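Handing you this structure, nothing more for now.
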Amino acid sequence: MNRVNFDGTITDTSADTDHPGELHVTVASGTIANTLVTLTGNLKLVKEGAGTFTASKANQSYTGGTEVLAGTLTLGTATHPLGDGNATQTVTVGGNGILNLATYKSESTCYYNLVLDEGAVVQAGDVGDRETGRIASITLNGNATVKLSQKTLFGGRSAAKACQLTFRGHTLTLLSLGDGNLGHVHVNDYGTFRLDANNSNTTCPGMYLCVFDLRGAKLEVTERAFVKFGNWAFYATDFVYGGLNKFTGGACNKINSVYGRYVAGNYRPPFTMQDGSTLDLSKVSGAWSAAGAAIPSSHKDVTGPGMVSFASGATVGVDLSGRTDLRELAKSATPYVVTWSSQPNATFTLDAKTAERFKLEPDGTGIKLVRRRAFTVIIR
């Protein structure tokens, strides 16, 4: 690894905070590290070139922010290497840029505000970083990715350290490279939070949903991901689950909840549909079973579907739009679109398009789909 080969200070003394002076560091290839040069004042650090620049100078105090236009910016093990002392840092990562936090052991006083452009990548750290929650906020200018390594914590362990997510309608993908931990987050607008993994191993990589509140956005789990539910509750507005056919319980046995639209598939984790939510069955055929295993009260792996329950007194919509099997199903001996182990104390409504021809009749077995009979009124 090469190092910047001079010792000194670079500063911008301008008072124009809207237009800071820029220090451009271009690394065409390989790796260069700064362990000597102090950056101060109203200065902005801009990383360019396909190579890697490692920020290893401690206690930098420049205030203009940091931008990664291309290549990789890696944080070394020094304290506060990206400026502004103990205050919140702002790092903008371009579509050809990578911000590598994997080796950085930050102090609890230093959090980063990340602005991610389309295609931007952030590499998070290992088990040594779980307690700090270094990412204070993420604002998306396009679809971006955060890669979690072994035992990484995304979001803070406490609500006071929650990661603020501003989606602007875009998708943030968490790609698990190990057992990631998803903690406190706060959602500021609607977008998609996608959980993914780099292979289809049924035991690892996976993600623990620890204290995860995504109300206001969509939680999407890809078919390659193994999510470990039940350590704490998770909450989501819209929920799409295509993950592996396995879930793990936790010691707290909390109730997971969906408040918006749940897009049902062949497999599901255990959770509760809350008042005002919608069970979207448009992508399945025949009867969809809500019966299954409850979240275990200890860390046990459960293979197979979990139980979907319905909050007592809730009104839950059932969306069957786009289904082509409804007429035959309603005429069959078992005309159920949903089956369960016991009938919940809930009210079910049908989407407007399907309600023109059918109605729902819940009973102890499930929800029957009944065809509306046509009749003629003769007025004389």
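Values in this text are rule-based calculations from the coordinates and carry no lab data. All figures in this text were calculated on a predicted structure; none of them were measured in a lab.
Taking every alpha carbon pair in the stretch 24-87, what does the distance histogram look like in 10 angstrom bins from 0, in percent?
Taking every Cα pair in the stretch 24-87, the percentages come to 26, 56, 18, 0.
Kirkwood hydrodynamic radius for the chain: how many Å is it when counted over pairs of different Cα atoms?
22.9
Further question on the same structure: If I build a Gaussian network model for the chain, linking alpha-carbon pairs within less than 10 angstrom, which residue out of 146, 25, 263 has the largest mean-square fluctuation?
25
Once amide H atoms are placed 1.01 Å from N in the peptide plane, what residues at a sequence separation of 5 or more from residue 347, or on another chain, have their amide H within under 5 Å of its amide H?
Hits under the 5 Å cutoff: 314, 315, 316.
Turning to a different aspect of this structure: Mind scanning 283/353; 57/147; 246/300 and naming the pairs with a C-alpha gap bigger than 21 Å?
57/147
Which percent, nearest 5, of DSSP beta bridges in the chain are antiparallel?
Of all bridge pairs located within the chain, approximately 10 percent are antiparallel.
Compute a Gaussian network model of the chain, connecting alpha carbons closer than 10 Å, and tell me which residue from 191, 41, 183 fluctuates the most.
Result for the chain, Cα springs under 10 Å: 41 fluctuates most.
Rg to Rh ratio, the stretch 223-350, alpha-carbon atoms and Kirkwood radius?
Numbers: Rg = 14.6 Å, Rh = 15.0 Å.
A ratio of 0.97.
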